Amino acid sequence: MKGDNRLSRMLHVLIHLGQQDSPTTSELMARMLNTNPVVVRRTMAGLREKGFVRADRGHGGGWTLTRALDRITLLDVYRAIDEPAIFALGMAEDTPRCLVEQAVNAALEGELRSARELLLKRFEGITLATLTKDFEKRARKHAHAKAHCPA
C-alpha cells in the first residue's frame, strides 16, 4: 500500500516558498516534487482556502505565502489538506457479530485513536519555522549545495 505523502510534500513546498522573494509557479513546484502541476494546484487549493498561500495568475504570477512560517503549524497544514489517514491499519469486519473480532477492534480502535490524538497534539507545537531552522542548519553543513531539489 502506497502511503499518502501530501503532508510531506506541502510542508516541502511551503518551506521553499518561505525562502523565495518572488512567486513560485505550479510548474516549478511540480518539478521539485516530481509530479504534475495540476496535482500541485489541487493540493495547494486547501492551503489557499485556509489563508496560508495565495495564487496570482498571469506573467510573473505564482504562489506566495500569506502568513509567516512561524505562524503555520504542521497541524494547520494537515487540516488544510483534508486530514489524510495517519495510520494504514484497518479493522477486520469479516464477522461483526464475532465477540473476538469485536474485542480486537475495540482495543485497536482505542489505541489508534490515542496515538492519533498524541501525534496531532505534537503537530500543533511544531511550526514551519522550526523545520526551516533545521533545513538552514543542514544547508550550512553542506554550503556547496542548495536544497537538492530538481527545480
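Among the listed residues 132, 43, 66, which satisfies the condition of being over 18 Å from residue 23 (Cα atoms) and polar (S, T, N, Q)?
132
Step by step: first the residues of the range 1-26, then only those that are farther than 20 Å from residue 135 by Cβ and in contact (Cβ under 8 Å) with a residue 12 or more places away in the chain, then the one that is surrounded by the most Cβ atoms within 10 Å (Cβ to Cβ). Which residue is that?
Across the range 1-26, the extreme among qualifying residues is 26.
If I filter the range 76-102 down to residues being among the small types (Gly, Ala, Ser) and assigned to a loop (DSSP other than H, G, I, E, B), which single residue comes out as farthest from residue 46 (Cα to Cα)?
By that ranking, first place goes to 92.
Which number in (1) modelled with pLDDT of 95 or more; (2) among the basic types (Lys, Arg); (3) more than 19 Å from residue 72 (Cα to Cα) marks the one condition that residue 137 misses?
Result: residue 137 passes all but (1).
Given 35, 66, 43, which one is without any contact (Cβ under 8 Å) to a residue 60 or more places away in the chain, farther than 25 Å from residue 120 by Cα and out of contact with any Ser or Thr (no Cβ under 7 Å at 6 or more places or on another chain)?
35
Given the conditions (1) at positive phi; (2) in contact with a helix residue (DSSP H, G or I) (Cβ under 7 Å, 6 or more places away or on another chain); (3) free of Cβ contacts under 8 Å to residues at least 12 places away in the same chain, report the number of the one that residue 95 does not fulfil.
Only one criterion in (1) at positive phi; (2) in contact with a helix residue (DSSP H, G or I) (Cβ under 7 Å, 6 or more places away or on another chain); (3) free of Cβ contacts under 8 Å to residues at least 12 places away in the same chain is unmet by residue 95, namely (1).
Name the residue, out of 67, 71, that is charged (D, E, K, R), modelled with pLDDT of 95 or more, out of contact with any helix residue (DSSP H, G or I) (no Cβ under 6 Å at 6 or more places or on another chain) and surrounded by fewer than 15 Cβ atoms within 10 Å (Cβ to Cβ).
Matching residue, one of 67, 71: 71.
One residue is enough: does the range 93-102 have a residue meeting the conditions within 14 Å of the chain's Cα centre (by Cα) and surrounded by 15 or more Cβ atoms within 10 Å (Cβ to Cβ)?
For the range 93-102, residues within 14 Å of the chain's Cα centre (by Cα) and surrounded by 15 or more Cβ atoms within 10 Å (Cβ to Cβ): absent.
Please find, among 68, 103, the residue that is within 22 Å of residue 29 (Cβ to Cβ) and not acidic (Asp, Glu).
Answer to the check: 68.
The values are calculated or read from the model by the stated rules, or taken from the named source; none is laboratory data. Not measured: the values here are computed from a predicted model. So basically every Cβ, Gly included, is an ideal-geometry build from the backbone, and we count neighbours across all protein chains shown.
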